[in-house]
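J.: This structure is in structure tokens; I'll ask about it shortly.
The values are calculated or read from the model by the stated rules, or taken from the named source; none is laboratory data. Since we're looking at a predicted model, the values are computed, not measured. In this analysis, Cβ positions are derived from the backbone assuming ideal geometry, glycine residues included, and neighbour counts consider all displayed protein chains. What goes into the accessible areas is simple: the full protein's heavy atoms, side chains included, and nothing from ligands, DNA or RNA. Shrake-Rupley method; radii C 1.70, N 1.55, O 1.52, S 1.80 Å.
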Amino acid sequence: EGNWILIRQVFITRLREQRYPTREELDKAAPKHPVMFSTGPDGMLNSLGLQVSGIDKDFKVTGNGLIEKDPTTGEPTGMLRSCTRYAKTGNNKSPSTGKRATSEEKLARLAALFHDYNSVGLTSVCDRDCSSGAIAEYQALREKNNLTVRMMISHGVDAQAKLEAVQEAIKKVAAHPLRKEDSRLRIIGIKCYLDGGMLTGSAYMREPWGVSKIYSITDPRYRGVLFIEPERLLPIVRATVESGLQFTAHSVGDGAVTNLVDAYEEVNKSTPIRDTRPCITHCNFMTAEAIDRMAKLGVNADIQPAWLYLDSRTLHAQFGEDRTRYFQPLHTLFEKKVIAGGGSDHMQKIGSLRSVNPYNPFLAMWTTITRQARWYEGKMHPEEALTREQAIRFYTMNNAYILFLDKEVGSLEVGKQADLIVLDRDLLTCPVDAIQETQVLKTWLAGKLVHDADKK
């Protein structure tokens, strides 16, 4: 009794009930324990969790985030938006019995993950929020000759630090030894977080989300959470471009996407940005106007179809047909010649279908071609579907371009490295629903066999 019960990384968009538990439900389930049901930086606390954390109707948030309050009483509802940092979960009466992995165990697990990537045909990936510690692990794997993917790195930068410190951190990344051209392990850019998430109800939108039982939203004016204001975003983007680095930011809502395009457009007036291959990570909700400007400026997009597959049901229920018109608008991006690449936003667990956000590219390709989703009737704006050829390009040549690897890989040509896979079916001619069941028989990285299904 009295110890915290913590539930992490359970996205409400993927629950049959499509909602957060209420504070009262958590109270009933565990009246003698503080409880936090979190999906990352957003979460629901029960009454004891609020009490232990000192969060009451007079509590003030410093910095980004929002604590939802009952519009009648002013009391916190338990919903913390990008504020789970205030939950005092370290106050447990007994110490954690959890074991920490050794450095060797971490490297072995990382190598196992990359071999599993190889088993579904992946030879190049990008760590889009890399730390110095992770870089050291990748270097250690490479020294052991056990780095079986090309690892391109966007170094994470804390945009909430003092602006001068952020700019200095960017310059430091630009001077890192791994900045030199290397098709196996290289730092290509900078990553920040511009807004919250659509899975949690905190993506920054151009229009209000609307009062919602799904996301426990009580304020009809609420538009989401913006982490970097435009006047602060601009000098961060400028410092990145001037350092010759690719800038990208987690930008989920159409408001965040618009703000980042605005910044790119302004920087481009004095320093051309196209050669740095500026990017927008996720860009799930977009506008036709933003896409036109991205095409003009040479701004790329890295997009995760797993969210279309897993979350369309809830997103359509929340936003309706009109507001989801430009949700992952892949056909329009291809039509306008915006370079868009397919990814996974893989978070946790090894296994291309069991992981939090599946990283199986064939499920993703099927999703982009059919616009069909789990637990969702019909198709999510089928006018935005890709052709089979486009879906393959989405995961090969386009990604190679975004990751500065297009001279080395992405297509089978004389002079390029031999990254290739052998599949058990022809993606261009097999029944469309068979695409998602595709199995990889063999995978080569630079001509070296790194996966053989016959020897598993």
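J.: Give or take rounding to whole Å, what are the principal axis extents of the alpha carbon atoms in region 1-87, in descending order?
T.: So the three principal-axis extents are 33, 29, 25 Å.
J.: Roughly to the nearest percent, how much of the accessible area of region 274-382 is carbon and sulfur, given a 1.4 Å probe?
T.: On the way: 1830 of 3750 Å².
Roughly 49 percent of what the probe reaches on region 274-382 is carbon or sulfur.
J.: Past the 25 Å Cα-Cα mark, which pairs from LYS99/LYS442; LYS88/LYS172; LYS99/LYS162; LYS144/LYS442? Don't skip to the end; give the middle numbers.
T.: On the way: LYS99/LYS442 36 Å; LYS88/LYS172 34 Å; LYS99/LYS162 35 Å; LYS144/LYS442 23 Å.
Listed pairs above 25 Å: LYS99/LYS442; LYS88/LYS172; LYS99/LYS162.
J.: With each run of n ≥ 4 DSSP H residues scored as -39500 (n - 2.57), what mean residue ellipticity at 222 nm is computed for the chain after dividing by its residue count and rounding to the nearest 500 deg cm²/dmol?
T.: On the way: 13 runs with 142 residues, N = 456.
Estimated from H runs of four or more residues: -9500 deg cm²/dmol.
J.: Please report, as a whole percent, how much of the solvent-accessible surface of region 72-141 comes from carbon and sulfur atoms (probe radius 1.4 Å).
T.: Carbon-and-sulfur percentage of accessible area, whole number: 50.
J.: Using the heavy atoms of the protein chains alone and a 1.4 angstrom probe, what is the accessible area of the chain per residue in square angstrom?
T.: Numbers: 20660 Å² over 456 residues.
With the other protein chains kept in place, the chain gives 45 Å² per residue.
J.: Summarise the long-distance tail of P(r) for the chain by giving the % of C-alpha pairs beyond 40 Å.
T.: On the way: 20152 of 103740 pairs.
The proportion of pairs with Cα distances above 40 Å equals 19 percent.
J.: How about LYS337: which lysines have a C-alpha closer than 21 Å to its C-alpha, ignoring those fewer than 8 places off in the same chain?
T.: LYS337 reaches LYS296, LYS407.
J.: Could you tell me, in Å, what Rg and Dmax come out for the Cα atoms of region 99-175?
T.: Rg, Dmax (Cα atoms, Å): 14.8, 44.
J.: Okay, moving on. Ignoring chymotrypsin sites (Phe, Trp or Tyr not before Pro) that are buried or in helix or strand per DSSP, and keeping those with at most 15 other beta carbon atoms within 10 Å, what is the longest stretch of the chain between them? Mind dumping the intermediate values first?
T.: On the way: sites that count: PHE59, TRP375.
The segment 60-374 is the longest one with no such site.
J.: Please give the peptides 172-180, 142-150 ranked by average Cβ packing (other Cβ atoms within 10 Å per residue), highest first, as a rough proxy for protection.
T.: Working: 172-180: 13.9, 142-150: 15.8.
Packing order, densest peptide first, comes out as 142-150, 172-180.
J.: Still on this structure, please answer the following. Rounded to the nearest Å, what's the spacing between the alpha carbon centres of region 273-312 and region 17-75? Just the number, please.
T.: Taking the Cα centre of each part, region 273-312 and region 17-75 sit 33 Å apart.
J.: State, as an integer percentage, the relative contact order of region 271-401 based on alpha-carbon contacts under 8 Å between residues 6 or more apart. Don't jump to the answer; show the numbers that get you there.
T.: Values: 203 pairs, mean separation 33.7, N = 131.
Answer for region 271-401 is 26 percent.
J.: Would you please name the trypsin sites (Lys or Arg not before Pro) within region 273-370 that are DSSP coil residues with at most 12 other C-beta atoms within 10 Å of their C-beta?
T.: Numbers: sites: ARG274, ARG293, LYS296, ARG313, ARG323, ARG325, LYS336, LYS337, LYS349, ARG354; in loops: ARG325, LYS336, LYS337, LYS349, ARG354.
Hits after loop and neighbour filter: LYS337, ARG354.
J.: Using R₀ = 30 Å, calculate the FRET efficiency as 1/(1 + (r/R₀)^6) where r is the Cβ-Cβ separation of ARG354 and LEU449; round to 0.05. Intermediate results must be reported in sequence, preceding the final value.
T.: Values: r = 25 Å, r/R0 = 0.85.
FRET efficiency, ARG354 to LEU449: 0.75.
J.: Looking at region 329-407, which GluC sites (Glu not before Pro) are DSSP coil and have at most 11 other C-beta atoms within 10 Å of their C-beta?
T.: Working: sites: GLU335, GLU377, GLU383, GLU384, GLU389; in loops: GLU377.
The qualifying sites are GLU377.
J.: Continuing with this model, one more query. For region 1-71, which whole percent of the accessible surface, found with a 1.4 angstrom probe, sits on carbon and sulfur atoms? Walk me through the intermediate numbers first.
T.: Details: 1900 of 3660 Å².
Its accessible area is 52 percent carbon and sulfur atoms.
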